[in-house]
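The values are calculated or read from the model by the stated rules, or taken from the named source; none is laboratory data. Source: prediction; values computed, not measured. With ideal geometry, Cβ positions are generated from the backbone for all residues, glycine too; neighbour counts draw on all protein chains shown. The area values use the complete protein model at the heavy-atom level, side chains included, leaving out ligands, DNA and RNA. Shrake-Rupley method; radii C 1.70, N 1.55, O 1.52, S 1.80 Å.
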Amino acid sequence: MDFTAMKQQLEQQLSDVAQGAPVALAYHQDATWFGVHPFNEISDLDGISDVWSILRNAFPDLERRPGLTVAGPNLPDPRVTTARAPHMVACMGVLQGTFTADLLGIPATHGVATIRYCEAHHIDGDKIRHSYIMLDFLDLMAQAGVWPLAPSLGAEGQWQPPKGGHAVRLHATDTDAGATAMQTVLKMHAALGDFDGRNLDSMDHSAYWTDDFLWYGPAGIGTTRGLSGFRAHHQIPFLRAFPDRRGAGHYIRIGDGPFAVTGGWPSVTATHTGEWLGMAPTGRHIDMRVMDFYHLTDGKISENWVPMDVIHMALQMGIDVFAKLKHRRGTPDLVL
């Protein structure tokens, strides 16, 4: 499998689509596109084309700026019994342009703005068969000055690309080192699962992280540094809100050199029994769409980018972020 050619071709195709080329250039006719709310699952090229039309209407000079592109064989997850893509490409970066027209009710800033993207693609032949797309619209709301949730505990702001100058790996794929990286990540996941429900030290996962690791959370949680920051700004609030959280399985498990990527749709299921991001407990069972991009340094995780569909989670808790934004702007829905 020529993963280098696959990555190069994919990035060129998606760059062209972002700038207005037909989506048929990159996607099979029967491709499936799994996106964040409010797009969700789309199973035809017209629907995928509509997404890009909506984005380009808001950003007429839209360009795709990749920060990381990796690929590799897709390792199995025993929790997932459905058909599995044999290999995948994962990408992370920003869509950037001049925000000249409102997007999904988010007011245009008439200046440069960015939308964080994290993606996983199954390439079949020379086109995409399946895509999983995380777009951080909450972060765009922050840029537009219409933040709809409680203040984040972590630091909000632009995610940084991998340190050390690795960035886009279009000219190399190291599946052996990637497999080693993935095994470290899976051991860390197993340690997270050992939580006794009371003491964070029961999760003996610190050995898999560097002392000063950076955890880049989605808008709403923010960025943290080191184990103490990770615990204070993400882990403790999350465990209090979702004490029965369970891993639901990964559709992607790939490694490429010092990078590994996992993701599930959903990745985690849980019951919302505690406050989270300012949202009062509802007792509702929810699914969480999550991806993880890991960068390892000397065998330990030094950086972790974690896109989550927070807007979809809030919707399951009874809070429609987009409806809330409309109300704030003076155009509330009149049907209660």
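Among the residues of region 17-38, those identified as open to solvent by less than 70 Å² (accessible area, probe 1.4 Å) and in contact (Cβ under 8 Å) with a residue 40 or more places away in the chain are Ala18, Ala26, Tyr27, His28, Ala31, Thr32, Trp33, Phe34, Gly35, Val36, His37, Pro38.
Looking at region 256-273, which of its residues are small (Gly, Ala, Ser), at pLDDT 95 or above and open to solvent by less than 10 Å² (accessible area, probe 1.4 Å)? Ala260, Gly263, Gly264, Ala270 - these are the residues of region 256-273 that are small (Gly, Ala, Ser), at pLDDT 95 or above and open to solvent by less than 10 Å² (accessible area, probe 1.4 Å). For region 144-191, the candidate set comprises residues that are under 30 Å from Gly105 (Cβ atoms) and aliphatic (A, V, I, L, M); within that set, the residue that is most open to solvent (accessible area, probe 1.4 Å) is Leu153.
Would you check which residues across region 295-312 are open to solvent by less than 20 Å² (accessible area, probe 1.4 Å), touching a strand residue (DSSP E or B) at 6+ places or on another chain (Cβ under 6 Å) and not charged (D, E, K, R) and list them? Correct list: His295, Ile301, Ser302, Asn304, Trp305, Val306, Pro307. Against the test of being modelled with pLDDT of 95 or more and open to solvent by 20 Å² or more (accessible area, probe 1.4 Å), the options Asp50, Asp2 yield a single qualifying residue, Asp50. Among the residues examined, Pro73 does not qualify as open to solvent by 20 Å² or more (accessible area, probe 1.4 Å), free of Cβ contacts under 8 Å to residues at least 40 places away in the same chain and within 22 Å of Tyr251 (Cβ to Cβ).
Restricting region 225-255 to residues that are crowded, with 19+ Cβ neighbours inside 10 Å and of a type in the set (Val, Ile, Thr), the residue that is farthest from Pro161 (Cα to Cα) is Ile252. Report yes if some residue within region 192-203 is touching a strand residue (DSSP E or B) at 6+ places or on another chain (Cβ under 9 Å) and open to solvent by less than 20 Å² (accessible area, probe 1.4 Å); otherwise report no. No, region 192-203 contains no residue that is touching a strand residue (DSSP E or B) at 6+ places or on another chain (Cβ under 9 Å) and open to solvent by less than 20 Å² (accessible area, probe 1.4 Å). Evaluated against (1) of a type in the set (Ser, Thr, Tyr); (2) under 22 Å from the mean Cα position of the chain (by Cα); (3) modelled with pLDDT under 95, Thr175 falls short on exactly one condition, (2). Screening region 131-140 for residues that are open to solvent by less than 30 Å² (accessible area, probe 1.4 Å) and out of contact with any helix residue (DSSP H, G or I) (no Cβ under 7 Å at 6 or more places or on another chain) and picking the one that is nearest to Thr98 (Cα to Cα) gives Leu140.
Do we find that Met291 is touching a residue at least 40 places away in the same chain (Cβ under 8 Å) and over 24 Å from Arg84 (Cα atoms) in this structure? In short, no.
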